[in-house]
Amino acid sequence: MKKTYWMVLAACGALSAQQVVAPTGEQVGSVRGENAGNYNITNSFELGYRWNLVGGSMEEYRSDVNYRNGLRLLESSFSMNSKDGHGRYFDQILLNTTGLGNDPYEAATLRIQKNQLYRYDLMWRQNDYSNAGLTIAGGLHQMDTVMRLQDHEFTLFPQSHFRVRGGYSRNVQEGPMLSTSLELDNNTINSSGLPVFANLRQSWNEYRVGADVEFAGFRFTVLHRWDFFKQDTPYSAYGIATSAALGVPNDETTIQSFTKAAPIHGRNPGWLGNLVATHKRWAMNARISYLNGHNNFALSEFASGLSRFGTAANRQIAVLGSANRPMLTGDLNLSLFPTKKLTVVNNTSVNNLRISGDSSYTDIANGSNPGETLYFRFLGIRMVTNTTDVNYQSKNWLGIYGAYAYTDRLVRTIESFSLPTFANSSESDRYENSNHLHTGTLGIRMRPWKPLTASVEGSIGRANNPLTPISDRNYHTINGRVDYRTRKLQLSTAYKQVYNVNSPVSLSDFSSHSRNYSANGSWAPKDWFSLDAGYMKLHLDTVSGLAYFAGISRPSLQSMATFYRSNIHAANVGVRYAFRKRADLYLGYTITKDTGDGRATATNGVTDPAAALFASVQTFPLSYQSPLGRVSVRVSSKLRWNVGYQFYNYHEKFGVLGYYQNFHANTGYTSVTWAF
């Protein structure tokens with residue numbers, strides 16, 4: 001387990017409860033649709049106009065929300081089904097779209113199917129991504145790109161015991177961006193990163209073909225795929241860039257011309273096999289995959305201008321290299337059902353990854369060639385995990401379960417270095433590290449009353465040699481959940497705790513402690529009224545060792561312990577009310593607030609410059625809230641008029657590195673939903 005990763009996921013889960021005012025989602029037309037010949041058809045679309053008024057940081061608004069003015073197809077739904085399952089060319093067509101036209105998140109799905117003969121599935125998405133990078137490099141790293149994703153899957157004989165499948169997927173990301181370069185002086189602690197322009201161009205394509213076979217209770221799948229990755233992003237000078245323009249005194253570094261090309265081309269052919277069987281007393285799921293990745297890269301960079309002392313300077317860098325990455329993974333899952341009350345599941349997973357390759361580096365500064373470096377690296381990671389789960393249903397209302405997991409991981413690296421212009425400069429180093437992790441889990445499930453269920457479990461893990469400071473070492477987890485469900489009322493609450501202590505070396509101390517509380521409820525006493533609400537609190541604190549260079553006259557290696565604390569509260573509520581089947585009203589509110597550690601200032605009173613910098617990034621108190629309202633009026637059985645308003649307010653208590661990214665936005669829309 002990676003604690004920080006799961007904490008981020010938990011926070012994102014809270015934020016995912018954020019309601020959006022559009023599309024409307026109210027039913028138009030008959031649920032049964034209309035008949036046309038041998039087909040039944042349903043069709044509706046919502047066409048509308050969005051507007052917004054934004055104050056504060058437009059960059060943060062575009063990174064978080066990004067809805068802008070314009071006309072768009074908010075949502076559409078179309079289905080066409082043969083009534084007897086024997087259409088001439090097809091038996092089913094399904095088409096659904098969201099946000100087409102001007103929304104930053106657009107999507108479409110399509111299915112065409114002829115029973116017993118073929119099925120075609122299409123998924124298409126387009127996402128607009130904007131990031132001003134203010135807290136990373138003062139706005140010198142920026143992106144304003146568009147990502148397009150598509151997936152095609154074609155199946156022959158979809159309902160038979162033998163199926164043939166083929167598919168194609170493509171992801172493309174394109175758009176302008178700003179990066180930085182340390183040219184022409186990158187050898188001093190005072191070097192400035194100067195802006196360079198790039199037009200991001202990267203693509204990924206996958207072709208696949210396979211088959212599924214079912215016989216005697218077994219289902220076997222085999223798939224062969226070919227992946228191709230390409231990045232051809234050109235870089236060029238962003239006008240004439242100077243350190244003085246960035247506010248760096250006594251530095252005359254100037255880039256007058258800059259060109260850079262760093263193409264990367266890779267391919268990953270691979271195989272996938274899957275065998276599944278289900279019987280009365282046992283079940284099996286075996287899976288194996290193999291990828292043989294190949295990657296080639298090259299870099300050519302040239303810069304000319306002035307050095308930090310104002311003298312003419314130029315620099316040229318050339319890098320060539322290739323890498324191979326074969327990867328083999330396998331999973332075997334066996335389930336035994338010796339009695340109706342007892343289930344035993346054993347899973348074994350094997351993962352073996354090897355990366356090897358070489359590269360050459362040539363650097364020519366002001367006409368002088370300091371030499372060529374040849375570098376070889378091998379990285380091998382082998383991991384074996386075995387887990388056994390036992391579930392015993394003691395009584396109809398009581399179940400007990402336990403699990404034991406063992407993980408063995410081995411990491412091997414080989415590094416080589418040489419300077420061909422210098423005799424006997426070759427050097428080779430080998431490193432090896434292994435880690436064994438033992439984990440035990442015990443839990444209980446209870447259902448003392450038909451509407452009420454409860455469960456609680458705890459896990460303990462011990463590792464003998466963590467690979468990184470944030471890896472699992474001595475940790476435990478506690479999880480509990482209670483659910484109450486009836487036809488009109490649903491309530492649930494849960495608690496999760498993760499605590500990990502890892503101190504492999506004195507400079508890399510690490511411990512983390514998280515506690516997650518959540519409660520959700522849904523009440524629908526009448527068909528015309530419903531209420532939904534939820535609350536989550538996530539507490540996270542970590543302490544880790546930090547090594548850094550600092551000093552006035554001459555930088556020296558120093559160390560300290562750094563802390564991070566977060567207290568996230570997230571709540572949401574939504575109410576729906578229908579007025580005599582003529583209109584529907586929806587009101588919602590979402591708030592996410594991180595109270596941090598309660599300090600009054602970012603530096604918490606620290607005066608030392610280095611310590612004050614670290615103190616300012618130990619906690620990030622902020623709030624994000626969004627109330628909304630929507631009215632949908634039924635004009636006729638096939639037509640609705642909709643109008644909605646949503647307010648966004650984002651506020652940071654402390655500006656990260658001096659940048660406050662607060663914003664508030666008034667957004668709204670009006671639309672018509674029509675079924676025909």
- Query: In region 166-183, how many residues are crowded, with 18+ Cβ neighbours inside 10 Å, at pLDDT 75 or above and of a type outside the set (Gly, Ala, Ser)?
  - Reply: 4
- Note on the structure: With the first residue restricted to region 591-609 and required to be on the phi > 0 side of the Ramachandran plot, and the second required to be at pLDDT below 90 and of a type in the set (Val, Ile, Thr), Cβ contacts under 8 Å at 6 or more apart or on different chains are none
- Query: List the pairs whose first member sits in region 646-659 and is free of Cβ contacts under 8 Å to residues at least 40 places away in the same chain, whose second member is of a type in the set (A, V, I, L, M, F, W, C), and whose Cβ atoms are under 6 Å apart, counting only residues at least 6 apart or on separate chains?
  - Reply: GLU652/LEU622
- Using beta carbons and a limit of 7 Å, which pairs, at least six apart or on different chains, have the first residue in region 614-625 and touching a residue at least 12 places away in the same chain (Cβ under 8 Å) and under 23 Å from TYR61 (Cα atoms) and the second one buried (at least 18 other Cβ atoms within 10 Å of the Cβ) and among the hydroxyl-bearing types (Ser, Thr, Tyr)? THR619/SER566; TYR624/THR592; TYR624/TYR650; GLN625/THR590
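For region 490-596, which strands (runs of 3 or more DSSP E) that fit wholly inside it have 1 or more residues that are within 28 Å of PHE654 (Cα to Cα) and in contact with a Pro (Cβ under 6 Å, 6 or more places away or on another chain)? Show your work before the answer.
Values: elements: 510-526, 529-550, 556-579, 583-594.
Of the strands (runs of 3 or more DSSP E) lying wholly inside region 490-596, those with at least 1 residues that are within 28 Å of PHE654 (Cα to Cα) and in contact with a Pro (Cβ under 6 Å, 6 or more places away or on another chain) span 510-526, 529-550, 583-594.
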- Looking at region 618-632, is at least one residue surrounded by fewer than 19 Cβ atoms within 10 Å (Cβ to Cβ), under 30 Å from VAL31 (Cβ atoms) and at pLDDT 90 or above? yes
- Message: Pairs please, first residue from region 628-643 and of a type in the set (Ser, Thr, Tyr), second anywhere and assigned to a strand (DSSP E or B), Cβ atoms under 7 Å, 6+ apart in sequence or on different chains.
- Response: SER632/ALA583; SER632/ASP584; SER632/ARG640; SER632/ASN642
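Listed residues GLY55, GLY99; which is small (Gly, Ala, Ser), in contact with a Phe, Trp or Tyr (Cβ under 9 Å, 6 or more places away or on another chain), at pLDDT 90 or above and crowded, with 18+ Cβ neighbours inside 10 Å? It would help to see each step written out before you state the result.
Values: GLY55 fails: crowded, with 18+ Cβ neighbours inside 10 Å.
From the options GLY55, GLY99, the qualifying one is GLY99.
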- Note on the structure: Subset of region 200-244, residues among the aliphatic types (A, V, I, L, M) and within 31 Å of the chain's Cα centre (by Cα), comes to LEU200, VAL209, ALA211, VAL222, LEU223
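State all residues of region 274-328 that are of a type in the set (Val, Ile, Thr) and out of contact with any Asp or Glu (no Cβ under 7 Å at 6 or more places or on another chain); if no residue qualifies, say none. Break it down stepwise before answering.
To start, the set of residues in region 274-328 that are of a type in the set (Val, Ile, Thr) comprises 276, 278, 288, 311, 317, 319.
Residues satisfying the conditions are VAL276, THR278, ILE288, THR311, VAL319.
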- Message: So the check is Cβ under 7 Å with 6+ separation or different chains; which pairs have a first residue in region 289-304 that's more than 26 Å from THR362 (Cβ to Cβ) and free of Cβ contacts under 8 Å to residues at least 12 places away in the same chain and a second one that's assigned to a strand (DSSP E or B) and not hydrophobic (A, V, I, L, M, F, W, C)?
- Response: none
- Of these, SER425, SER434, which one is polar (S, T, N, Q) and either within 17 Å of ILE460 (Cβ to Cβ) or at pLDDT 80 or above (or both)? SER434
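In the list THR413, THR407, which residue meets the criterion of being at pLDDT 80 or above, within 30 Å of ASP363 (Cα to Cα) and surrounded by 14 or more Cβ atoms within 10 Å (Cβ to Cβ)? Working first, answer last.
Numbers: THR407 fails: within 30 Å of ASP363 (Cα to Cα).
Within the list THR413, THR407, the selection yields THR413.
The values are calculated or read from the model by the stated rules, or taken from the named source; none is laboratory data. Just so it is clear, the structure is predicted and the values come from calculations on it, not from any experiment. Virtual Cβ from ideal backbone geometry, glycine too; neighbours counted across all protein chains shown.
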